[in-house]
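Notes follow the structure.
The values are calculated or read from the model by the stated rules, or taken from the named source; none is laboratory data. Bear in mind the structure is a predicted one, so any value in this text is a computation, not a measurement. Methodologically, a virtual Cβ is constructed for each residue, glycine included, from the backbone with ideal geometry; neighbour enumeration extends over all protein chains shown.
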Amino acid sequence: MKFTWDTDPKQDRFDPKDSGKVMKAVVTAGNGGYDRLQCRVVRLPILEPGEVLLQVLAAGVNNTEINTRIGWYSSSVTSGTEDAAITEGRQATEKADGGWNEATPFPFIQGTDCCGRIVAVAPGGDESTIGSRVLVRACMRKSGFDSMDNIWMGSDFDGAFAQFVKAPAGEVFPVDCDWSDAELGTVPCAYGTAENMVHRGKVCKGEHVLVAGASGGVGSAVVQLVKRRGATVTAIAARAKMEQVLSIGADTVIDRNEDVVGRLGENSVDVVIDNVAGPAFGGMLQALKRGGRYVSSGAIGGPLVTLDMRTFYLKDLTLIGCTAWDEPIFSNLISYIERGEVRPLVAKIFPLERIAEAQREFLEKKHVGNFVLIPPEP
């Protein structure tokens, strides 16, 4: 298939007089199917005080970009990610509540994960950072870490599905390691989300942690981050992926079609870290010990679940929702990478212009780890 980069007709994105000040990007035009992903030539980001400009070296593919495009976060959507991508993707109905926070700012550039190189700083910025290879902390606490208010690059404002992206200098973290650009491109959303759940769940050495969706980008990161804390991991994954999940540190892997309570028994695990939800939710609560913690930052198997309140309160359970990343999360994650305590899992690499193909294959869930997009050279 031949791909072409078209000039964006919107004057707020591209003025034909701005010769030499443009870039190639995938612009998401609105809610709907893959046709809403449009390869465009757009204006370069204009730096404001305190910002830096990055050349994007690699950008990961995540559920959140698909969910935002199809409006999955809307309360009107009740199915899991895969089913919603089929049904909602056929409709171009704009959903005012379909994004993470307020209305999604269509048309805009998605891309939550960014491995990049600093190529420019705003006037008054630290020019010594130019040339540094960095990761962008995608979840930003706009009111400081004493507030749960948060915004996400690639969901609330332009992200990394482009040759260049701008970011606040304080959200950009240099990383010193021998990982490839593509490997680092798997990190921000998946590993940041995973570390935030492990941190909020207060996972400790010697505990038994059940990890659902363990072969996905977030789930595979959770397995590694739980193991580095010295806990025991029972993972849930498709049968075809069990060996790969064991290879990244899981102690036991259960087929995702198996009855968790029947396999493990009630009151058998200290913590559940679950981004799947759906019909399996109730069984996971049964598997928790008294005083156990259930931690979640997603619901790809379905957002509506059945909760038996007696299980919840009689067992003194704690349910922990995780979206806003806590302050130490990203700097800790960088240190784990630099010390070699986690490993990247690049399932497949695509050129940026093949984003629709990458997202289709991503939804098939046949892979372990992460997909990565590589923008064209400037």
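Residues that are in a loop (DSSP other than H, G, I, E, B), over 12 Å from residue 319 (Cα atoms) and among the basic types (Lys, Arg) occur at least once in the range 249-256. Only one entry in 280, 250 is under 19 Å from residue 81 (Cα atoms), in the same structural domain as residue 199 (by TED's automatic domain parsing) and either in contact with a strand residue (DSSP E or B) (Cβ under 8 Å, 6 or more places away or on another chain) or of a type in the set (Gly, Ala, Ser) (or both), namely 280. Taking the criterion of being closer than 20 Å to residue 232 by Cα, free of Cβ contacts under 8 Å to residues at least 60 places away in the same chain and of a type outside the set (Asp, Glu), the residues of the range 264-287 that qualify are 264, 265, 267, 283, 285, 286.
Of all residues in the range 21-37, those satisfying the criterion of being without any contact (Cβ under 8 Å) to a residue 40 or more places away in the chain and either touching a strand residue (DSSP E or B) at 6+ places or on another chain (Cβ under 8 Å) or not acidic (Asp, Glu) (or both) are 21, 22. Would you confirm, using the coordinates I've provided, whether residue 58 is buried (at least 21 other Cβ atoms within 10 Å of the Cβ), farther than 23 Å from residue 166 by Cβ and either modelled with pLDDT under 95 or not polar (S, T, N, Q) (or both)? No.
Let's see how each residue does on (1) without any contact (Cβ under 8 Å) to a residue 24 or more places away in the chain; (2) among the charged types (D, E, K, R); (3) in a loop (DSSP other than H, G, I, E, B):
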{"site": "301", "(1), (2), (3)": "no, no, yes"}
{"site": "304", "(1), (2), (3)": "no, no, yes"}
{"site": "311", "(1), (2), (3)": "no, no, no"}
{"site": "323", "(1), (2), (3)": "no, no, yes"}
{"site": "334", "(1), (2), (3)": "no, no, no"}
{"site": "341", "(1), (2), (3)": "no, yes, yes"}
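Residues to consider are 175, 165; find the one that is β-branched (Val, Ile, Thr) and buried (at least 20 other Cβ atoms within 10 Å of the Cβ).
Answer to the check: 165.
Using the structure shown, decide if residue 149 is crowded, with 21+ Cβ neighbours inside 10 Å, over 17 Å from residue 363 (Cα atoms) and acidic (Asp, Glu). The answer is no for residue 149.
The residues in the range 346-364 that are farther than 22 Å from residue 32 by Cβ and either in contact with a Pro (Cβ under 8 Å, 6 or more places away or on another chain) or at pLDDT below 95 (or both) can be counted, and the count is 1. Applying the criterion of at least 2 residues that are of a type in the set (A, V, I, L, M, F, W, C) and assigned by TED's automatic domain parsing to the domain that holds residue 48 to the strands (runs of 3 or more DSSP E) found wholly in the range 113-211 leaves 115-121, 133-136, 164-168, 172-174.
Within the range 344-369, the residues that satisfy the criterion of being charged (D, E, K, R), under 20 Å from residue 221 (Cβ atoms) and touching a residue at least 60 places away in the same chain (Cβ under 8 Å) are 365, 366.
Residue count for the range 212-228 under the criterion of being assigned to a loop (DSSP other than H, G, I, E, B) and touching a Ser or Thr at 6+ places or on another chain (Cβ under 6 Å): the result is 0.
Among the residues of the range 330-375 satisfying the criterion of being touching a Lys or Arg at 6+ places or on another chain (Cβ under 6 Å) and not charged (D, E, K, R), which is nearest to residue 229 (Cα to Cα)? Among those that are touching a Lys or Arg at 6+ places or on another chain (Cβ under 6 Å) and not charged (D, E, K, R), it is 330.
With respect to residue 356, is the statement that it is surrounded by 18 or more Cβ atoms within 10 Å (Cβ to Cβ) and farther than 22 Å from residue 235 by Cβ true? In short, yes.
How many residues are more than 23 Å from residue 245 (Cβ to Cβ), in contact with a helix residue (DSSP H, G or I) (Cβ under 9 Å, 6 or more places away or on another chain) and not in a helix (DSSP H, G or I) when one looks only at the range 352-378? Result for the range 352-378: 4. Residue 338 meets all of the listed conditions (1) at pLDDT 95 or above; (2) in the same structural domain as residue 135 (by TED's automatic domain parsing) but one, namely (2). Within the range 45-60, being part of a loop (DSSP other than H, G, I, E, B) and either without any contact (Cβ under 8 Å) to a residue 12 or more places away in the chain or out of contact with any Asp or Glu (no Cβ under 8 Å at 6 or more places or on another chain) (or both) holds for 46, 47, 48, 49, 50. Sub-9 Å Cβ pairs linking a first residue in the range 133-152 that is modelled with pLDDT of 95 or more to a second residue that is in a strand (DSSP E or B) and of a type in the set (Gly, Ala, Ser), at least 6 apart or interchain, are 133/116; 134/116; 134/167; 135/116; 136/116; 136/167; 137/167; 140/167, ordered by first then second residue.
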